[in-house]
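Visitor: Take a look at this one; I'll ask things after.
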Amino acid sequence: MSLTADVKAELTAVRDPRPTARVAELTSLLRFSGGLHSIANRVAVEAELDGEILARRVARDLVELYGVRPELALVQGSGTRTGSLYAVRVIDGGETLARQTGLLDQRRRPVRGLPNKLTTGSRPDLAAVWRGAFLASGNLSEPGRSAALEIACPSGEAAMALVGAAHRLGIAAKAREVRGVPRVVVREAEAIRQALAAMGASRAAAEWDQLRQRREVRAGVNRLVNFDDANLRRSAQAAVAACARVERALEILGDEVPDHLREAGDLRLAHRDASLDELGHHADPPLTKDAVAGRIRRLLAMADKKAEVDGIPGTEAAVPIGAED
C-alpha cells in the first residue's frame, strides 16, 4: 500500500463520538469529494471516494446523522482522479441535506468555501474538517526534498478555509494552484507529522517520522561519503600534477639541479601519494613539512625560469589534462 492509502485506511477507522465533529468531517468530505450537482432539476449531493469501505461509512453516517438513504455506485474517475471510484449520491432530499450541511446558503446558492460554523469550531471540529478533506482528496508523498501533504480543493475559497483551519490547529499550511487546481500544501516535515497526528492518523505520523529520520541519516552518510570521495579525488589529482611538474623540472635542469633540491624532487617521485609531512620524515636527515615544500617550490621556479630563457615548455605543460589544481 502507498503512504496515502495507509493514512486513509487509518483515518477511515477513526470514529469521533462528538456529534459536531462527525458533522464537520462529513460536511468537509462531501465538499472536497464532489459536492453539489443538478440531476433532473433537483439538487443532488454526491461524493466520489477512493474505496468501498469509506463509501459505505459515509453512507452510514448520512443515514445516522441526517436520515437520508444514499445510492452507492462504482464510477470511473476523471480529471485529477483516475481509476475506479465509489460514488455516494443523495438525490431524494438532496437539497435539504445541502442546506443542513451548509453546502447551500439560505438563498439556494452553493457555498464556495466551507460553512463558517465549521472553520470557527473547536479543535476537534477543525481536526475533523481536515480529516474529511484528506479522506476526500488528500495525498501524502514520501519524506525527502519534495515531501508534501497535499489536498486538492474544489475552489480557492475552500483552500483558504482549510488553510485557516490548519493555522488554528497550529499547522503551517499554504494555498497554491497547480495546473489550474487549487491545493493546500503542508511541506515542513514537522508540520506534516503534526497534521497527520491532528487528523487522527497517529500510527502513520509515527511511521512517517521514522522514515524521515532514517532517510535523513542515510542522506547525511551519503554526503559524508561523497565529501570524502571528493577530497580523495582532489588529493590524487594534486599528487599527479605535482609529480608531473617535478619530473619535468628535473628534466629541464638536468645536471644543474642543486643537490638539496634534487633530493626533495626525488622524494616526491619516490613517494607519490605521501603528504609533505610524510616526505619530510623520509628525508635524511628529516625535514619539516615547510622545508620540503620550500625546496620543491624552488626546484619548480628554477626550472620554469630556465625553460623561459631556453624557450621551451615549463613544468605546467607536463601536467595531464584533468589533473590541474
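Visitor: Has segment 73-86 got any residue that is in contact with a Phe, Trp or Tyr (Cβ under 8 Å, 6 or more places away or on another chain) and β-branched (Val, Ile, Thr)? Steps first, please.
Guide: First, the residues of segment 73-86 that are in contact with a Phe, Trp or Tyr (Cβ under 8 Å, 6 or more places away or on another chain): 73-75.
This time we only want the ones that are β-branched (Val, Ile, Thr), so: 75.
Yes, the conditions are met somewhere in segment 73-86.
Visitor: Of all residues being among the basic types (Lys, Arg) and assigned to a strand (DSSP E or B) in segment 168-188, which is surrounded by the most Cβ atoms within 10 Å (Cβ to Cβ)? Just the residue, please. Before you say what the answer is, go through the steps one by one.
Guide: Within segment 168-188, the subset among the basic types (Lys, Arg) is 168, 174, 176, 179, 183, 187.
Next, only the ones that are assigned to a strand (DSSP E or B) stay: 174, 176, 183.
Working: Lys174: 12, Arg176: 11, Arg183: 20.
Per the criteria, the residue is Arg183.
Okay, residues lined up against (1) over 16 Å from Leu103 (Cβ atoms); (2) modelled with pLDDT under 90; (3) surrounded by fewer than 21 Cβ atoms within 10 Å (Cβ to Cβ):
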position	(1), (2), (3)
Ala21	yes, no, no
Leu30	no, no, no
His37	no, yes, yes
Asn41	yes, yes, yes
Arg56	yes, no, yes
Leu65	no, no, yes
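Visitor: So if I check each of Gly93, Gly113, Gly34, which one is of a type outside the set (A, V, I, L, M), touching a residue at least 40 places away in the same chain (Cβ under 8 Å) and on the phi > 0 side of the Ramachandran plot? I'd like the intermediate steps shown before the answer.
Guide: Working: Gly93 fails: touching a residue at least 40 places away in the same chain (Cβ under 8 Å); Gly113 fails: on the phi > 0 side of the Ramachandran plot.
Criteria check complete, one pass: Gly34.
Visitor: Confirm whether Val163 is in a strand (DSSP E or B) and of a type in the set (A, V, I, L, M). Talk me through it step by step, then tell me what you get.
Guide: Values: in a strand (DSSP E or B): no; of a type in the set (A, V, I, L, M): yes.
No: the conditions fail for Val163.
Visitor: Do we find a residue being in contact with an Asp or Glu (Cβ under 8 Å, 6 or more places away or on another chain), surrounded by 13 or more Cβ atoms within 10 Å (Cβ to Cβ) and at pLDDT 80 or above anywhere in segment 220-237?
Guide: No, because not a single residue in segment 220-237 is in contact with an Asp or Glu (Cβ under 8 Å, 6 or more places away or on another chain), surrounded by 13 or more Cβ atoms within 10 Å (Cβ to Cβ) and at pLDDT 80 or above.
Visitor: Kindly evaluate Ala191 against the criterion of being among the aliphatic types (A, V, I, L, M), in a loop (DSSP other than H, G, I, E, B) and surrounded by fewer than 20 Cβ atoms within 10 Å (Cβ to Cβ). Walk me through it before giving the result.
Guide: On the way: among the aliphatic types (A, V, I, L, M): yes; in a loop (DSSP other than H, G, I, E, B): no; surrounded by fewer than 20 Cβ atoms within 10 Å (Cβ to Cβ): yes.
No: the conditions fail for Ala191.
Visitor: Sort out which residues of segment 139-167 are of a type outside the set (A, V, I, L, M, F, W, C), closer than 15 Å to Gln194 by Cβ and surrounded by 17 or more Cβ atoms within 10 Å (Cβ to Cβ), and write them in order of number. Spell out how you get there, then give the answer.
Guide: Filtering segment 139-167 down to residues of a type outside the set (A, V, I, L, M, F, W, C) leaves 139, 141-146, 150, 154-157, 164, 167.
Pick out the ones that are also closer than 15 Å to Gln194 by Cβ and you get 143, 167.
Listed by number, the list holds a single entry, Pro143.
Visitor: Further question: Is it true that some residue in segment 73-82 is in contact (Cβ under 8 Å) with a residue 24 or more places away in the chain and touching a helix residue (DSSP H, G or I) at 6+ places or on another chain (Cβ under 7 Å)?
Guide: no
Visitor: If Thr120 satisfies all but one of (1) in contact with a helix residue (DSSP H, G or I) (Cβ under 9 Å, 6 or more places away or on another chain); (2) in contact (Cβ under 8 Å) with a residue 12 or more places away in the chain, what's the number of the condition it fails?
Guide: Going through (1) in contact with a helix residue (DSSP H, G or I) (Cβ under 9 Å, 6 or more places away or on another chain); (2) in contact (Cβ under 8 Å) with a residue 12 or more places away in the chain one by one, Thr120 breaks only (2).
The values are calculated or read from the model by the stated rules, or taken from the named source; none is laboratory data. None of these values were measured; they are calculated from a predicted model. Because the Cβ atoms are built from the backbone with ideal geometry, glycine has one as well, and the counts that use them run over all protein chains shown.
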